[in-house]
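Take a look at the structure set out below.
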Amino acid sequence: MSDWITIFAIVIIMIAVVEELIYYIWNRYLYGKKEKRQRRWLQKLVLLISRIKKKRVREPKSNITNDVDSP
């Protein structure tokens, strides 16, 4: 009796594993690899950091005035 229960449990587990594997493969086929999404976030992060650095470079002010009447 316990052999049948064990075999039945193993079959149920195998069906669940195969079902999840099919679901994973189908989603990967439809939507592509996750790397594309991760790469997009990485590109956005790099773009944000580069914009922050550019703003820092532009900010330094000089003490030279463009006023013609200054001594």
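Every number here is computed from the coordinates shown, using simple stated rules; none is lab data. If you're wondering where the values come from, they're calculated on a predicted model, not measured in any experiment. Note that we place each Cβ from the backbone using ideal geometry, even for glycine, and neighbour counts take in every protein chain shown.
Data table
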| quantity | calculated |
| --- | --- |
| FRET efficiency for Leu47 and Val18, using Cβ-Cβ distance with R0 set to 35 Å, rounded to 0.05 | 0.25 |
| Net length gained if the chain between Tyr31 and Ile10 were fully extended (0.36 nm per residue, minus Cα distance) | 4.4 nm |
